[in-house]
Ligand SMILES: *Cc1c(COP(=O)(O)O)cnc(C)c1O
């Protein structure tokens, strides 16, 4: 399918899901999950998505780019610098790649690390951000709501504590929570996981602690389950396959 057709379908899906949930489409941002796609393809997708979104009667979603691997983020960053991207890191990060990741993220107009899943990783990013960045680094706490052992993320019971660690660090700004939905065709199961992430966020927001007040984002929903995620309050949906087609195995 041509890229513009695929993007149009995804924008339609997000718009329809927002209407069905009675939500304003401006509450949901579209993150293009660009793993394995080269810089030229990322550029084409961002340009198409921005143009197609802007031509919609509702203005369409804001477009973000998400990379899984630090190496890919670093390699593509110079070729995309002119696009004024909001770039998110959405995959696991080894502590020895934190510096590289931060420097690449800093070449983009705005950045966020969505995959903070331990106090050690949070502290590592925070300490480096204080040295390298002019402002605190936006981060999300990744939660493993499905409990699947192959998935990254802190256990739901530990999410609040990790959020407080992030909020207390001068180099970090807590923006919310991220999860990968259960790998299941059972929609009710997937939905329960997303609802749990929303409860975690609402609990953190209602604590009234100043460092936690900005934790509004819910990054959840991918190609297979974005409608369910929007229904449960997603503010960022992360879409790869539905835009780029099935990925080639490396
Ligand atoms: C690849 C990926 C996505 C997108 O998944 P698709 O099923 O291709 O839409 C979203 N989030 C994360 C963390 C990913 O690694």
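The residues in the stretch 56-67 that are modelled with pLDDT of 95 or more and surrounded by fewer than 20 Cβ atoms within 10 Å (Cβ to Cβ) can be counted, and the count is 1. Checking each residue in the stretch 98-139 for being within 17 Å of residue 169 (Cβ to Cβ), part of a loop (DSSP other than H, G, I, E, B) and more than 16 Å from the ligand (Cβ to nearest atom) picks out 118, 133, 134, 135, 136.
Within the stretch 111-150, the residues that satisfy the criterion of being within 18 Å of residue 195 (Cα to Cα) and surrounded by fewer than 18 Cβ atoms within 10 Å (Cβ to Cβ) are 147, 148.
For the stretch 77-90, a residue qualifies if it is touching a residue at least 24 places away in the same chain (Cβ under 8 Å) and out of contact with any helix residue (DSSP H, G or I) (no Cβ under 8 Å at 6 or more places or on another chain), and the qualifying residues are 78, 81, 84, 86, 88, 90.
Only one entry of 48, 87, 39, 6 meets the criterion of being in contact with a strand residue (DSSP E or B) (Cβ under 7 Å, 6 or more places away or on another chain) and at pLDDT 95 or above, and that entry is 87.
The values are calculated or read from the model by the stated rules, or taken from the named source; none is laboratory data. No experiment lies behind these values; they were computed from the predicted model shown. All Cβ positions, glycine included, derive from the backbone under ideal geometry; neighbour counts span all protein chains shown.
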